Amino acid sequence: MPTLLTSKIIKEEFVEKISELSGQDVHICMQCGTCSGSCPMWEEADFSIRKIMHFAKFGMEEKLENLNTYWLCASCHTCTVRCPRGIDIARVMEALRQLTLRKNINFIEPSKIPSEKIKEYPQIAMVAGFRKLTS
């Protein structure tokens with residue numbers, strides 16, 4: 001059974017991994033919500049970007065599992081441009097995707113896409129999707 005100290009260390013390690021991969025300090029996020037208000041994908045997301053940043057800031061890895069928000073990030077950088085703290089939030093979303101993919105968990109499973117759909121999709125979109133969403 002994990003102790004409080006062990007749990008705190010695990011959370012700090014997760015936050016450090018996010019910082020290492022993204023080059024961003026999620027601790028400076030002041031939870032203003034500007035990122036969420038700027039996001040063109042917010043209606044499709046499970047949680048707002050502000051909430052994702054909150055989970056990341058406090059190392060709440062278990063809360064971030066199985067969410068679609070960071071997978072839906074269009075990398076348009078609108079949140080980054082508008083962030084009053086200068087956090088490159090799109091890079092944080094990419095880091096969260098990478099941490100999940102490193103566990104060999106795919107967001108989409110290519111073998112489960114019906115062949116008739118594959119013929120309809122633009123090839124460049126398929127390649128980009130596989131690069132972004134599969135390990």
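Side notes on the structure shown:
- Among (1) assigned to a loop (DSSP other than H, G, I, E, B); (2) in contact with a Leu (Cβ under 9 Å, 6 or more places away or on another chain); (3) among the hydrophobic types (A, V, I, L, M, F, W, C) - the single one I52 does not satisfy: (1)
- Single unsatisfied condition, C39 versus (1) of a type outside the set (A, V, I, L, M); (2) under 27 Å from A128 (Cα atoms); (3) touching a Gly at 6+ places or on another chain (Cβ under 9 Å); (4) modelled with pLDDT under 95: (3)
- Segment 87-135 - residue that is among the acidic types (D, E) and surrounded by 16 or more Cβ atoms within 10 Å (Cβ to Cβ) and, of those, farthest from the chain's Cα centre (by Cα): D88
- Test: I118 is of a type in the set (V, I, T), touching a helix residue (DSSP H, G or I) at 6+ places or on another chain (Cβ under 8 Å) and without any contact (Cβ under 8 Å) to a residue 24 or more places away in the chain: yes
- Selected residue (only one of A125, A74 is free of Cβ contacts under 8 Å to residues at least 60 places away in the same chain, assigned to a loop (DSSP other than H, G, I, E, B) and small (G, A, S)): A74
- The C-beta contact set for segment 89-106 (first residue more than 11 Å from K132 (Cα to Cα), second residue among the basic types (K, R), distance under 7 angstrom, 6+ apart or interchain) comprises L99/K17.
- Matching option when the condition is among the charged types (D, E, K, R) and in contact with a Lys or Arg (Cβ under 8 Å, 6 or more places away or on another chain), among E65, E44, E61: E61
The values are calculated or read from the model by the stated rules, or taken from the named source; none is laboratory data. Since the model is a prediction, treat every value here as computed from it, not as a measurement. When we count neighbours, we look across all protein chains shown, and the Cβ atoms used for this are built from the backbone with ideal geometry, even at glycine.
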